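Have a look at the structure below, then the notes.
The values are calculated or read from the model by the stated rules, or taken from the named source; none is laboratory data. Model, not experiment: these values are computed from the prediction. Backbone-built Cβ (ideal geometry, glycine too); neighbour counts: all protein chains shown.
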Amino acid sequence: MYEVDSIRVEQFRQLKDEIRGSKEHLIVGIDVAKEKHNAFFGTATGKTLLKRLVFGNNIEGFHKLLTFVEAVKVKHCLSSEVFGLEPTANYHKPLGEYLIKCGLDVVLVSGLAVKNNRELIDGRWDKHDTKDSANVADLVSQGKCLYYDYPCMALRGLRDLLSLKRRFRKREHGARVRIRNHLLAQYFPELDRYFVGAGSQGLAIVRWCLAPSVIAGLEYDDFVGLVAPGKKSIGQQRRLRAIWMSAVDSIGCDAGESLEFEAKMMVEELQRFREAIRLIDDKIEDVCLQFPEYSYLLTIPGFGPDISSRVLGAIGNPFRFHTGKQVLKMAGMDLSAKRSGKKSQASIPVLSKKGKADLRYALYQAALIASSKNTNFVIYYTNKLRGREKEKGIKTKMRVKLAAKLLIIAWTLMKKQEPFDPEYLNLK
C-alpha cells in the first residue's frame with residue numbers, strides 16, 4: 001500500500017541533499033491562486049531564468065507550464081526540475097496532483113518560511129505574486145522545503161472524512177451552545193444545570209415543553225410520559241422531578257407563540273448534526289478496516305475507534321518517518337524553548353504546538369483514560385508522579401508526556417504490525 005509513497009519519500013530526501021548549489025536542477029517556484037498561478041524559473045545557484053510566467057488553473061495552463069519548463073531546460077542544459085508550491089487553501093492540490101502523476105518532483109514550502117524569507121530577498125517586506133514565486137524558488141534552492149504528501153486513495157479518503165467530522169463537530173457544538181445560551185437562558189434558566197446530564201430527555205423538554213408555565217400546568221406523571229417515556233433509572237427520576245418542581249418558580253421570560261416553533265427547529269438541527277456525525281463515524285470505520293495497522297492501534301489502552309482513526313490518518317505511511325522525534329514534530333508535541341544569554345540554562349521547554357492540534361487533544365484523552373483505567377498504565381503513571389505529587393500542574397504534565405509516549409508506541413506498532421505489549425512502557 002505504501003510502496004509508491006516510500007519511493008517518493010526517498011526521492012525527496014535525496015533531493016534535499018543534492019539541491020544546494022546544484023547546476024543540474026531547474027527550480028520552479030509557484031505562487032498558487034484560485035484562478036491563475038505565477039511561476040518563477042531559476043537555478044539553485046541563484047540565477048534567474050524566467051522572471052514571471054502566468055498560467056491558468058486548468059489543463060491548458062498546466063500544459064503551458066510544462067512546455068515552458070521543457071524549453072528552459074533545453075536552452076540552459078538542465079537535466080531535471082523541481083516544483084515548489086506554497087499551499088494556499090486547497091487551490092494547490094489539483095496542480096500538485098497533476099505534476100506528481102506526470103512523474104515530476106513536487107515539494108511544499110511553508111507559509112511561515114515564505115513570510116520570514118520575504119524580507120531577506122531585497123530587504124523589504126513588500127509582497128506581490130512575482131516576488132512570492134521567486135521567494136518560493138529561493139527557499140527550495142536552500143533545501144528549506146517540505147515533503148508533498150500524496151498518499152494512497154484510501155488514506156486521502158480517511159483524511160477527508162476526518163476533516164468533515166471536525167466541521168460537523170463544530171456545528172453540533174454550536175447548535176448545542178445556542179440552545180443553552182439563547183433558549184434556556186431566556187425562558188428556563190433553571191434547566192441549564194440539568195441539560196447536559198439529561199441527554200435526550202433534556203432535548204425532549206426543549207422540544208415539547210420549554211416554557212416553564214407549560215410544565216407547571218402538567219401533572220408529574222404526564223410530564224414524565226411526555227419527555228421520557230419508558231423505563232428510567234433512579235437518577236433520571238430524581239432529575240426529572242427536580243426540573244418539574246423548578247418550573248413552578250422559574251424566573252424565565254414569558255414565552256410567546258413562536259417559542260415552540262423556534263425550539264423545534266433548533267432541536268431538529270442539533271439532531272441532524274448528531275445523525276450526520278454518526279454516519280461519518282460509520283464510514284470512517286469502513287475505511288479504517290482497509291488498513292491492517294488499524295486493528296493494532298485498537299489494542300493500545302485508551303485507543304478507541306475515534307482516536308485510532310485520527311492517529312492512522314495523521315501518520316499514514318509509518319516508514320516516511322525515520323525517528324520518533326519526527327513523529328512528535330508532526331503532532332506538535334516536540335519541546336521548544338528560548339535559550340539565549342545568561343538565562344538560557346533556566347529556560348523551561350514547552351510544547352511547540354506547531355503540528356496537529358486535534359491529534360494532540362485526542363492523544364491527551366487517550367492518556368487520561370489509560371492512566372485511570374488500565375493497570376499497567378496506572379502503575380507507570382503513578383511511578384512517574386512519585387516524589388513530585390505536590391508540584392503545581394505535575395499531573396497534567398505527566399499525562400502530556402504519556403500522550404507523547406502513546407504516539408511513539410502507535411507509530412512503532414504500525415511499523416512492526418503487531419499488537420500492544422505492556423513492555424513498550426519500559427522502553428525509552
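Does residue 225 meet the test of being surrounded by fewer than 19 Cβ atoms within 10 Å (Cβ to Cβ), over 40 Å from the mean Cα position of the chain (by Cα), without any contact (Cβ under 8 Å) to a residue 12 or more places away in the chain and not in a helix (DSSP H, G or I)? Give the derivation first.
On the way: surrounded by fewer than 19 Cβ atoms within 10 Å (Cβ to Cβ): yes; over 40 Å from the mean Cα position of the chain (by Cα): yes; without any contact (Cβ under 8 Å) to a residue 12 or more places away in the chain: yes; not in a helix (DSSP H, G or I): no.
Answer is no for this residue.
Restricting attention to segment 118-141, the residues that are more than 17 Å from residue 35 (Cα to Cα) and modelled with pLDDT of 85 or more add up to 8.
Do you know which residues across segment 184-210 are closer than 19 Å to residue 254 by Cα and in contact with a helix residue (DSSP H, G or I) (Cβ under 6 Å, 6 or more places away or on another chain)? 184, 188, 190, 191, 192, 205, 206, 207, 208, 209, 210 - these are the residues of segment 184-210 that are closer than 19 Å to residue 254 by Cα and in contact with a helix residue (DSSP H, G or I) (Cβ under 6 Å, 6 or more places away or on another chain).
Selection within segment 69-98: residues that are surrounded by fewer than 16 Cβ atoms within 10 Å (Cβ to Cβ) and either touching a strand residue (DSSP E or B) at 6+ places or on another chain (Cβ under 7 Å) or among the hydrophobic types (A, V, I, L, M, F, W, C) (or both). The member of this set that is modelled with the lowest pLDDT is 89. Criterion applied to 183, 191 was being in contact with a Gly (Cβ under 8 Å, 6 or more places away or on another chain), modelled with pLDDT of 90 or more, farther than 30 Å from residue 19 by Cβ and part of a helix (DSSP H, G or I), and the one residue passing it is 191.
A single member of 278, 272 is free of Cβ contacts under 8 Å to residues at least 24 places away in the same chain, assigned by TED's automatic domain parsing to the domain that holds residue 160 and under 23 Å from residue 366 (Cβ atoms), and it is 278.
Run down 349, 318 and say which single residue is under 30 Å from residue 416 (Cβ atoms) and at pLDDT below 90. Only one candidate qualifies: 349. Each residue in segment 1-40 was checked for being at pLDDT below 90 and among the aromatic types (Phe, Trp, Tyr), and 1 pass.
Pairs meeting the criteria (first residue in segment 145-168 and without any contact (Cβ under 8 Å) to a residue 24 or more places away in the chain, second residue part of a loop (DSSP other than H, G, I, E, B), beta carbons under 9 Å, at least 6 apart or on different chains) are 156/150.
Listed here are the residues, each with its yes/no results for (1) touching a Gly at 6+ places or on another chain (Cβ under 9 Å); (2) within 19 Å of residue 61 (Cα to Cα).
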{"site": "82", "(1), (2)": "no, yes"}
{"site": "85", "(1), (2)": "yes, yes"}
{"site": "102", "(1), (2)": "no, yes"}
{"site": "122", "(1), (2)": "no, no"}
{"site": "135", "(1), (2)": "yes, no"}
{"site": "140", "(1), (2)": "yes, no"}
{"site": "143", "(1), (2)": "no, no"}
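Scan segment 263-299 for residues that are in contact with an Asp or Glu (Cβ under 8 Å, 6 or more places away or on another chain) and basic (Lys, Arg) and jot them down. Can you show your working first?
As a first pass, look at segment 263-299 and keep what is in contact with an Asp or Glu (Cβ under 8 Å, 6 or more places away or on another chain): 270, 273-274, 277, 281, 296.
Hit for segment 263-299 is 274, nothing else.
Only strands (runs of 3 or more DSSP E) whose full extent lies in segment 1-72 are considered here, and the ones with at least 2 residues that are of a type in the set (D, E, K, R) are 48-56. Residue check: is residue 162 crowded, with 18+ Cβ neighbours inside 10 Å, in a helix (DSSP H, G or I) and either more than 30 Å from the chain's Cα centre (by Cα) or acidic (Asp, Glu) (or both)? When the stated conditions are applied, residue 162 does not pass them.
Report yes if residue 380 is of a type in the set (Ser, Thr, Tyr) and within 20 Å of residue 295 (Cβ to Cβ), otherwise no. Break it down into steps so the answer makes sense when it comes.
Values: of a type in the set (Ser, Thr, Tyr): yes; within 20 Å of residue 295 (Cβ to Cβ): no.
No; evaluated as a whole, the condition is false for this residue.
Residue 137 meets each of the listed conditions (1) within 18 Å of residue 15 (Cβ to Cβ); (2) assigned to a helix (DSSP H, G or I); (3) within 19 Å of the chain's Cα centre (by Cα) apart from (3).
Yes/no matrix, rows are residues, columns are (1) surrounded by fewer than 16 Cβ atoms within 10 Å (Cβ to Cβ); (2) in contact (Cβ under 8 Å) with a residue 12 or more places away in the chain; (3) of a type in the set (A, V, I, L, M):
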| position | (1), (2), (3) |
| --- | --- |
| 176 | no, yes, no |
| 179 | no, yes, yes |
| 184 | no, yes, yes |
| 190 | no, yes, no |
| 207 | no, yes, no |
| 233 | yes, no, no |
